[in-house]
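Reading through the structure tokens given below for one structure.
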Amino acid sequence: MDLDNVKEVFKGYRGLNQSHLTVKNDQGDIISLRFLDMNNRLERQTGFMDPIVPADFKNLLDCKVFVFIPISDYEIALDT
């Protein structure tokens, strides 16, 4: 439900390729974050997201940089 919002936030940044953004594993999880300051946030999540796994990167290995912003540590598999 937030894909369009995510694309809108990043549309002004040159050099970001958004063609691999996907909602194929969307299970209806909703995450609400309220940032209090640089080191503190309030988080509410209605379910668990599928973790990011190595197969998610099979077409992206030529990228120079990856930026991960996980909300919880289980969202990126150790193998990734």
Here the FRET efficiency for Gln45 versus Arg14, based on Cβ atoms and R0 = 30 Å and rounded to 0.05, is 0.40
Computed magnitude of the charge dipole of the chain (debye, nearest 20; Cβ of K, R +1, Cβ of D, E -1): 320
List every residue whose amide H lies under 5 Å from the amide H of Ile52, counting only residues 5 or more places away in sequence or on a different chain, with H placed 1.01 Å from N in the peptide plane. Ile76, Ala77
Normalised by the residues of the chain, what does the relative contact order come to in percent, with Cα pairs under 8 Å and at least six apart? 21
From the phi of every residue in segment 2-13, what ³J(HN,Hα) in whole Hz does the Karplus formula 6.51 cos²θ - 1.76 cosθ + 1.60 yield, where θ is phi - 60° and glycine or proline is x? 10, 4, 4, 5, 5, 4, 4, 4, 9, 5, x, 9
Compare the Cα positions of Phe10, Asn59, Leu42 along the charge dipole of the chain (+1 at Cβ of Lys, Arg; -1 at Cβ of Asp, Glu; about the Cα centre) and return the one farthest towards the positive end. Phe10
For semi-axes √(5λ) of the Cα gyration tensor in Å, the listed values are (1) 20, 17, 12; (2) 18, 14, 12; (3) 22, 17, 14; which was obtained by calculation from the structure presented? (3)
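Compare the peptides 50-61, 30-41 by average per-residue count of other Cβ atoms within 10 angstrom and give them in order, highest first. Present the calculation step by step, with values, prior to reporting the outcome.
Numbers: 50-61: 11.8, 30-41: 8.8.
Final packing ranking: 50-61, 30-41.
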With 0.36 nm assigned to each residue of separation and the Cα-Cα distance removed, Val67 to Thr80 gains 3.4 nm
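Taken together, the values in this text are just the output of simple stated rules run on the coordinates, not laboratory data. Remember, predicted model here, so these are calculated numbers, not experimental data. Cβ: placed from backbone, ideal geometry, glycine included. Neighbour counts: every protein chain shown.
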